[in-house]
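Some notes on the structure that comes next.
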Amino acid sequence: MKVGLTGAIASGKSVVGEMFVALGAHLIQADHIARSLMQPGEAVYNEVVRHFGRDILNPDGSINRARLAELAFGTNSLSSSPGSSKPARVEELNRIVHPAVLRSQKEWMDELGRHDPHAVAIVEAALILEAGAAKQFDRLIVVKCSEEQRIARFAARQKLDLEAARKEVTRRMAAQMPEEEKIRAATYVIDNSTTLDQTRAQVREVWQKLRDEGIAKS
């Protein structure tokens, strides 16, 4: 059973993913795949540097993700002086990274399926729908919470004040599909806006359905 796990920024995808793993699911994060593909010597690394320049590199040759994000998402005009905003190049970055990430996650799921045909393989990724990857999965789970909760959680995670977090979340969400559209595309929706215990109860319910559907599928 191949499952995509997605949601808006700071909605709690990783927390939900950990809950599924605790129940027996296998999970891989697309962001971790992308990080490994952007290590020096990798083809994706070479392409990213060719497109975005060596200014994105740290002294040791690794990619400075903050600098790359600044170029990819553009400067937030709300926090910059007039005329200083930069155009976003996120689509350019996605064209380089997404195909390689999609290949890697498909290979991971296929390999897992060969070893354990009854396994539940979950790929956690923010841009499953945006990348046109939904067809890779048998089921799609969307994690949701309110915008204010996402901003507060992002602020806590990045150690930002709420205003700075709001601007950054707004900037990054411009490259994502609206949450309402993700929810419409979902097989299951997990509401992560209340307590962890309530989220965990929803995860257990969805897990049982995935297991039942996997048995029926086989």
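Where strands (runs of 3 or more DSSP E) sit wholly within segment 113-218, those with at least 3 residues that are surrounded by 20 or more Cβ atoms within 10 Å (Cβ to Cβ) occupy 121-124, 139-144. Every condition in (1) out of contact with any helix residue (DSSP H, G or I) (no Cβ under 7 Å at 6 or more places or on another chain); (2) under 30 Å from ALA186 (Cα atoms); (3) not charged (D, E, K, R) holds for ASN58 except the one numbered (2).
Here ASP212 meets each of (1) charged (D, E, K, R); (2) under 14 Å from LYS13 (Cα atoms); (3) free of Cβ contacts under 8 Å to residues at least 12 places away in the same chain with one exception, condition (2). Would you be able to say whether some residue in segment 179-187 is over 19 Å from the mean Cα position of the chain (by Cα) and within 26 Å of ALA72 (Cβ to Cβ)? Within segment 179-187, not a single residue is over 19 Å from the mean Cα position of the chain (by Cα) and within 26 Å of ALA72 (Cβ to Cβ).
Each row is one residue, and each column tells you yes or no for (1) more than 16 Å from MET173 (Cα to Cα); (2) crowded, with 16+ Cβ neighbours inside 10 Å; (3) modelled with pLDDT of 85 or more.
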| site | (1), (2), (3) |
| --- | --- |
| ALA43 | yes, no, yes |
| ASN46 | yes, no, yes |
| ARG50 | yes, no, yes |
| ILE56 | yes, yes, yes |
| SER62 | yes, no, yes |
| GLY83 | yes, no, no |
| LYS86 | yes, no, no |
| ASN94 | no, yes, yes |
| PRO99 | yes, no, yes |
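Of all residue pairs spaced 6 or more apart or on separate chains, those with beta-carbon atoms under 8 Å, a first member in segment 178-195 that is aromatic (Phe, Trp, Tyr) and a second member that is in a strand (DSSP E or B) and surrounded by 13 or more Cβ atoms within 10 Å (Cβ to Cβ) are TYR188/ARG139; TYR188/LEU140; TYR188/ILE141; TYR188/VAL142. Note on segment 164-192: residues that are modelled with pLDDT under 95, under 29 Å from ALA119 (Cα atoms) and of a type in the set (Ser, Thr, Tyr) amount to 0. Restricted to segment 25-76, and to residues there that are in a loop (DSSP other than H, G, I, E, B) and of a type in the set (A, V, I, L, M), the residue that is farthest from the chain's Cα centre (by Cα) is ALA25.
The values are calculated or read from the model by the stated rules, or taken from the named source; none is laboratory data. Everything numeric here is computed off the predicted structure, so don't read it as measured data. For neighbour counting, all protein chains shown are included, and Cβ atoms are generated from backbone atoms with ideal geometry for every residue, glycine included.
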